[in-house]
Ligand code: PEP
């Protein structure tokens, strides 16, 4: 069975209670989307956003979780707590977390394990910097991140991979279609080699996806959806991306 395509939005540290009106606008325009639709708002908005999900038409997720289920970790949120708030997914290893909070592959893997133990799907992010691409290290970097960030307990059901070149996030720049295809093929091959059922894992592309390039990106082999930052904040833009993925 072909994997279910996923349009995932990452609001990052944007949005407030008033911004939840965008969810109503999105679901009014796309009441029966032809792909899975996920929004990952700031943690404080998870529970109220779940209340607007119309019985699960929209899935809601967190942007990070702690590796422990509870304890003395001021300011952190566990996967168990995300689940309690109604989250079904959590992004782990986003490049902004890796850079701002010095999260390495081992930390990302531990967070993914915590998500799985809590019954949440992890979206594990990988991606090369511009310097790494320019020096021809992209495939080696991505291969190493996949090997060390994806835990042994990963399955196609509990794990989604997001390929997000760091230099393409929030910049308006995107890799060529061939560059995206090359990295997604590497990820697919690595997952097949390690897990056997790797063809079932969903592999998202992320980095400056917008309505004007979504159709083209979704036509690339092994692209099973997108992780979208800026363009997920407005219902019109994210809705156009949902429509493009539904038609792909
Ligand atoms: C992201 O932060 O995951 C992302 C892809 O951002 P943007 O779409 O804004 O480039």
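The values are calculated or read from the model by the stated rules, or taken from the named source; none is laboratory data. This is a predicted model, so every value here is computed, not measured. So basically every Cβ, Gly included, is an ideal-geometry build from the backbone, and we count neighbours across all protein chains shown.
One residue is enough: does region 24-41 have a residue meeting the conditions within 22 Å of residue 75 (Cβ to Cβ), surrounded by 15 or more Cβ atoms within 10 Å (Cβ to Cβ), in contact with a strand residue (DSSP E or B) (Cβ under 9 Å, 6 or more places away or on another chain) and free of Cβ contacts under 8 Å to residues at least 40 places away in the same chain? Write out each step before concluding.
First pass over region 24-41, keeping only residues within 22 Å of residue 75 (Cβ to Cβ): 40-41.
After this cut, where a residue has to be surrounded by 15 or more Cβ atoms within 10 Å (Cβ to Cβ) as well, the list is 40-41.
Narrowing the set further to residues that are in contact with a strand residue (DSSP E or B) (Cβ under 9 Å, 6 or more places away or on another chain) leaves 40-41.
Narrowing the set further to residues that are free of Cβ contacts under 8 Å to residues at least 40 places away in the same chain leaves 41.
Within region 24-41, one or more residues are within 22 Å of residue 75 (Cβ to Cβ), surrounded by 15 or more Cβ atoms within 10 Å (Cβ to Cβ), in contact with a strand residue (DSSP E or B) (Cβ under 9 Å, 6 or more places away or on another chain) and free of Cβ contacts under 8 Å to residues at least 40 places away in the same chain.
Quick check on residue 120: is it surrounded by 15 or more Cβ atoms within 10 Å (Cβ to Cβ), under 20 Å from residue 220 (Cα atoms) and touching a residue at least 12 places away in the same chain (Cβ under 8 Å)?
Values: surrounded by 15 or more Cβ atoms within 10 Å (Cβ to Cβ): yes; under 20 Å from residue 220 (Cα atoms): no; touching a residue at least 12 places away in the same chain (Cβ under 8 Å): yes.
No; evaluated as a whole, the condition is false for this residue.
Does residue 85 meet the test of being away from the ligand (no atom under 16 Å from the Cβ), touching a residue at least 24 places away in the same chain (Cβ under 8 Å) and either over 20 Å from residue 206 (Cα atoms) or surrounded by fewer than 19 Cβ atoms within 10 Å (Cβ to Cβ) (or both)?
Working: away from the ligand (no atom under 16 Å from the Cβ): yes; touching a residue at least 24 places away in the same chain (Cβ under 8 Å): yes; either over 20 Å from residue 206 (Cα atoms) or surrounded by fewer than 19 Cβ atoms within 10 Å (Cβ to Cβ) (or both): yes.
Answer is yes for this residue.
Residues being assigned to a loop (DSSP other than H, G, I, E, B) and either free of Cβ contacts under 8 Å to residues at least 24 places away in the same chain or in contact with a strand residue (DSSP E or B) (Cβ under 6 Å, 6 or more places away or on another chain) (or both): count how many of those fall in region 128-142. Working first, answer last.
At the first step, the residues of region 128-142 found to be assigned to a loop (DSSP other than H, G, I, E, B) are 128-129, 135-137.
Those still in the list that are either free of Cβ contacts under 8 Å to residues at least 24 places away in the same chain or in contact with a strand residue (DSSP E or B) (Cβ under 6 Å, 6 or more places away or on another chain) (or both) too: 135-137.
Counting residues in region 128-142 that are assigned to a loop (DSSP other than H, G, I, E, B) and either free of Cβ contacts under 8 Å to residues at least 24 places away in the same chain or in contact with a strand residue (DSSP E or B) (Cβ under 6 Å, 6 or more places away or on another chain) (or both) gives 3.
Would you tally the residues in region 44-69 being closer than 24 Å to residue 104 by Cβ and out of contact with any strand residue (DSSP E or B) (no Cβ under 6 Å at 6 or more places or on another chain)? Spell out how you get there, then give the answer.
Within region 44-69, the first condition is being closer than 24 Å to residue 104 by Cβ, and the residues that meet it are 61-69.
Narrowing further to those that are out of contact with any strand residue (DSSP E or B) (no Cβ under 6 Å at 6 or more places or on another chain): 64, 67-68.
Number of matching residues: 3.
Considering only region 143-248, give the strands (runs of 3 or more DSSP E) lying wholly within it that have at least 3 residues that are surrounded by 15 or more Cβ atoms within 10 Å (Cβ to Cβ) and more than 13 Å from the ligand (Cβ to nearest atom). Talk me through it step by step, then tell me what you get.
On the way: elements: 159-163, 202-206, 225-228.
So the answer is none; nothing clears 3.
For residue 82, all conditions in the list (1) under 22 Å from residue 124 (Cβ atoms); (2) out of contact with any strand residue (DSSP E or B) (no Cβ under 7 Å at 6 or more places or on another chain) hold save one; what is the number of the exception?
Every listed condition holds for residue 82 apart from (2).
With respect to residue 132, is the statement that it is within 16 Å of the ligand (Cβ to nearest atom) and modelled with pLDDT of 95 or more true?
No, not satisfied.
May I ask you to verify whether residue 108 is closer than 20 Å to residue 207 by Cα, modelled with pLDDT of 95 or more and not in a strand (DSSP E or B)?
On the way: closer than 20 Å to residue 207 by Cα: yes; modelled with pLDDT of 95 or more: yes; not in a strand (DSSP E or B): yes.
Here the answer is yes, as residue 108 does meet what is asked.
Give the number of residues within region 155-167 that are at pLDDT 95 or above and touching a strand residue (DSSP E or B) at 6+ places or on another chain (Cβ under 8 Å).
7
Condition first: more than 25 Å from residue 96 (Cβ to Cβ) and touching a helix residue (DSSP H, G or I) at 6+ places or on another chain (Cβ under 6 Å). Now tell me which residues in region 216-238 satisfy that.
Once the filter is applied, which keeps residues that are more than 25 Å from residue 96 (Cβ to Cβ) and touching a helix residue (DSSP H, G or I) at 6+ places or on another chain (Cβ under 6 Å), region 216-238 yields only 221.
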